[in-house]
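Novice: Before I ask anything, let me first share the structure, which is written out below as structure tokens.
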Amino acid sequence: MTRKLFFRVRLLIQRALHTILFINDILQARYLNRFPSESHKHLLSAFYLTGGFIHKRAAVFLGKSDLQLANEGLLSKFTEQELVDALDHLKREGYVVLEDVLTSEFCSRILEVSQQIPGQTRIMDGGTGTVSRLTFNRLNPPSIRFDYDGSDLISNPELQPLIFDESILKFAQNYLGAAPILDLVAMWWHTTYSSIPDKEAAQWFHFDMDRLKWIKFFFYITDVDANSGPHTFIAKSHKSLGIPYNLRTKGYQRLTDNEVQMYFESKDFKEFTGNRGTLIVEDTRGLHKGKHCISGDRLLFQLEFTTSQFGTVIPELTISPPLKVGSKSKILMDRFPHVFQAIKNI
Ligand SMILES: O=C(O)CCC(=O)C(=O)O
Ligand SMILES: [Fe+2]
């Protein structure tokens, strides 16, 4: 046996063992309410080996049964049939694009907020740059990616209507097949600070794999054209075995465009240009990236929902000052404590 073959076989055996431990972790989570710290490692190994069949079933197995949710809020402008079609598209292709979900006025306000509240620069590939907290200057961007803190976002009254929206919860639940849990609130800029796509800024193809199943809502807050960093996705790659073994087995890392082009047809490369207010709902278990900006910039707001605490720890977010008693957001939060279990309203 050659050395290379030996390492391949050893890796396969290790992943098979981790897959067994993964199933054991799922059973512990369900029957003992215990979430072993190694379970994320096992979840990853099992994905590399099996391509995701267990994950999506386990997400429902560990999830809470459906909540009584109404189509009230941002998505109520769509008919029931339009939302059924959108959900079908999402399930089949891994993404769906909904236009004009946010008004221009709303986007303008968020754009202002993004230049008033502090955010953070991000270290780039090769360790260049620093992490510093400052307010964003659009004319002189300080980094290729500029992130806002989840607690700052959820504490902002302008953004709260977007975060506490029943129709979004309902759509997330319909996709996930179990009650949603809000596990990420994010907003960031992509800029022309560097002309080279950056891995740390998610500008190379990758799949996300922090938990069993999740769904992301990407809201464009600025107009996005082919040069200003469109979000990009490989259609159908979210399916079980949707990412071929040779790419999966490279692990939790970034892939070059060439590597990805070897396995997928060009018609499945979807680059989402769109006006501000556009919503892309996407299962980022499929391959995706934010194409780097060639000119202009992009501000994006994101929500993610999952079905259980299994996987990496859900970062706790704090709303401060607390939501006003009687406000729409507070009422929704009180009605659905399960959804907002990682949010503290102090
Ligand atoms: O910025 C983008 O469009 C990609 C972001 C990304 O990879 C993610 O949100 O998982
Ligand atoms: Fe990602």
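Novice: Go through 261, 309 for me and flag whichever is surrounded by fewer than 17 Cβ atoms within 10 Å (Cβ to Cβ) and out of contact with any helix residue (DSSP H, G or I) (no Cβ under 7 Å at 6 or more places or on another chain).
Specialist: Working: 309 fails: surrounded by fewer than 17 Cβ atoms within 10 Å (Cβ to Cβ).
Going through 261, 309 in turn, the sole match is 261.
Novice: Here's another thing I want to ask about it. Please state which one of 111, 75, 44 is in contact with a helix residue (DSSP H, G or I) (Cβ under 7 Å, 6 or more places away or on another chain) and surrounded by 13 or more Cβ atoms within 10 Å (Cβ to Cβ).
Specialist: Working: 111 fails: in contact with a helix residue (DSSP H, G or I) (Cβ under 7 Å, 6 or more places away or on another chain); 44 fails: in contact with a helix residue (DSSP H, G or I) (Cβ under 7 Å, 6 or more places away or on another chain).
When all the criteria are applied, what remains is 75.
Novice: Turning to a different aspect of this structure: Can you tell me how many residues in the stretch 318-346 are among the charged types (D, E, K, R) and assigned to a loop (DSSP other than H, G, I, E, B)?
Specialist: Going residue by residue through the stretch 318-346, those that are among the charged types (D, E, K, R) are 324, 328, 330, 334-335, 344.
If we keep only those that are assigned to a loop (DSSP other than H, G, I, E, B) too, we end up with 324.
Qualifying residue count, the stretch 318-346: 1.
Novice: I'm told residue 156 meets every condition in (1) away from ligand 1 (no atom under 11 Å from the Cβ); (2) surrounded by fewer than 22 Cβ atoms within 10 Å (Cβ to Cβ); (3) not in a loop (DSSP other than H, G, I, E, B) except one. Can you identify the failing condition by its number?
Specialist: Exception for residue 156: condition (3).
Novice: For the subset of the stretch 225-263 comprising residues that are more than 16 Å from ligand 1 (Cβ to nearest atom) and of a type in the set (S, T, N, Q), which member is nearest to the chain's Cα centre (by Cα)?
Specialist: The selected residue is 240.
Novice: Return a yes/no flag: does the stretch 192-199 have any residue that is more than 30 Å from residue 334 (Cα to Cα) and within 12 Å of ligand 2 (Cβ to nearest atom). So that I can check it myself, show each step before the final result.
Specialist: Start the filter on the stretch 192-199 by keeping residues that are more than 30 Å from residue 334 (Cα to Cα), which leaves 192-199.
Subsequent filtering for residues that are within 12 Å of ligand 2 (Cβ to nearest atom) retains 199.
The answer is yes, given that some residue of the stretch 192-199 is more than 30 Å from residue 334 (Cα to Cα) and within 12 Å of ligand 2 (Cβ to nearest atom).
Novice: May I ask you to list the residues in the stretch 92-108 that are closer than 26 Å to residue 197 by Cα and in contact with a helix residue (DSSP H, G or I) (Cβ under 6 Å, 6 or more places away or on another chain)?
Specialist: 96
Novice: Can you confirm whether the stretch 312-326 contains a residue that is away from ligand 2 (no atom under 16 Å from the Cβ), buried (at least 24 other Cβ atoms within 10 Å of the Cβ) and either more than 20 Å from residue 107 (Cβ to Cβ) or in the same structural domain as residue 234 (by TED's automatic domain parsing) (or both)?
Specialist: The answer is no, given that none of the residues of the stretch 312-326 is away from ligand 2 (no atom under 16 Å from the Cβ), buried (at least 24 other Cβ atoms within 10 Å of the Cβ) and either more than 20 Å from residue 107 (Cβ to Cβ) or in the same structural domain as residue 234 (by TED's automatic domain parsing) (or both).
Novice: Given the structure, is residue 280 farther than 30 Å from residue 15 by Cα, within 15 Å of ligand 2 (Cβ to nearest atom) and either out of contact with any Ser or Thr (no Cβ under 9 Å at 6 or more places or on another chain) or not assigned by TED's automatic domain parsing to the domain that holds residue 98 (or both)?
Specialist: On the way: farther than 30 Å from residue 15 by Cα: yes; within 15 Å of ligand 2 (Cβ to nearest atom): yes; either out of contact with any Ser or Thr (no Cβ under 9 Å at 6 or more places or on another chain) or not assigned by TED's automatic domain parsing to the domain that holds residue 98 (or both): yes.
So residue 280 fits the description; yes.
Novice: Got a number for residues in the stretch 174-224 being away from ligand 1 (no atom under 14 Å from the Cβ) and surrounded by fewer than 18 Cβ atoms within 10 Å (Cβ to Cβ)?
Specialist: Total satisfying the criteria: 5.
Novice: Same structure, new question: Find the residue count for the stretch 121-158, including only residues that are touching a strand residue (DSSP E or B) at 6+ places or on another chain (Cβ under 6 Å) and within 25 Å of residue 102 (Cα to Cα).
Specialist: Looking only at that region, the number is 11.
Per-residue answers, yes or no, for (1) modelled with pLDDT under 95; (2) among the aromatic types (Phe, Trp, Tyr); (3) within 14 Å of ligand 2 (Cβ to nearest atom); (4) under 30 Å from residue 62 (Cα atoms):
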{"residue": "214", "(1), (2), (3), (4)": "no, yes, yes, yes"}
{"residue": "223", "(1), (2), (3), (4)": "no, no, no, no"}
{"residue": "235", "(1), (2), (3), (4)": "no, no, no, yes"}
{"residue": "276", "(1), (2), (3), (4)": "no, no, no, no"}
{"residue": "299", "(1), (2), (3), (4)": "no, no, no, no"}
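Novice: Now, a different point. Give the stretch 38-76 a look and list any residue that's among the basic types (Lys, Arg) and touching a residue at least 12 places away in the same chain (Cβ under 8 Å), or say none. Before you say what the answer is, go through the steps one by one.
Specialist: Taking the stretch 38-76 as the starting set, the residues that turn out to be among the basic types (Lys, Arg) are 41, 56-57, 64.
Those that are among the basic types (Lys, Arg) and touching a residue at least 12 places away in the same chain (Cβ under 8 Å): 41, 56, 64.
Novice: Looking for something crowded, with 19+ Cβ neighbours inside 10 Å, of a type outside the set (A, V, I, L, M, F, W, C) and not assigned by TED's automatic domain parsing to the domain that holds residue 161 - is there at least one such residue anywhere in the stretch 24-39?
Specialist: Among the residues of the stretch 24-39, at least one is crowded, with 19+ Cβ neighbours inside 10 Å, of a type outside the set (A, V, I, L, M, F, W, C) and not assigned by TED's automatic domain parsing to the domain that holds residue 161, which makes the answer yes.
Novice: Considering only the stretch 97-126, state which residues are part of a helix (DSSP H, G or I) and within 23 Å of residue 217 (Cβ to Cβ). Please lay out each step first, then the result.
Specialist: Initially, the stretch 97-126 is screened for residues part of a helix (DSSP H, G or I), giving 104-114, 125-126.
Correct list: 104, 105, 106, 107, 108, 109, 110, 111, 112, 113, 114.
The values are calculated or read from the model by the stated rules, or taken from the named source; none is laboratory data. No experiment lies behind these values; they were computed from the predicted model shown. Note that each Cβ is placed from the backbone with ideal geometry, even for glycine, and that neighbours are counted across all protein chains shown.
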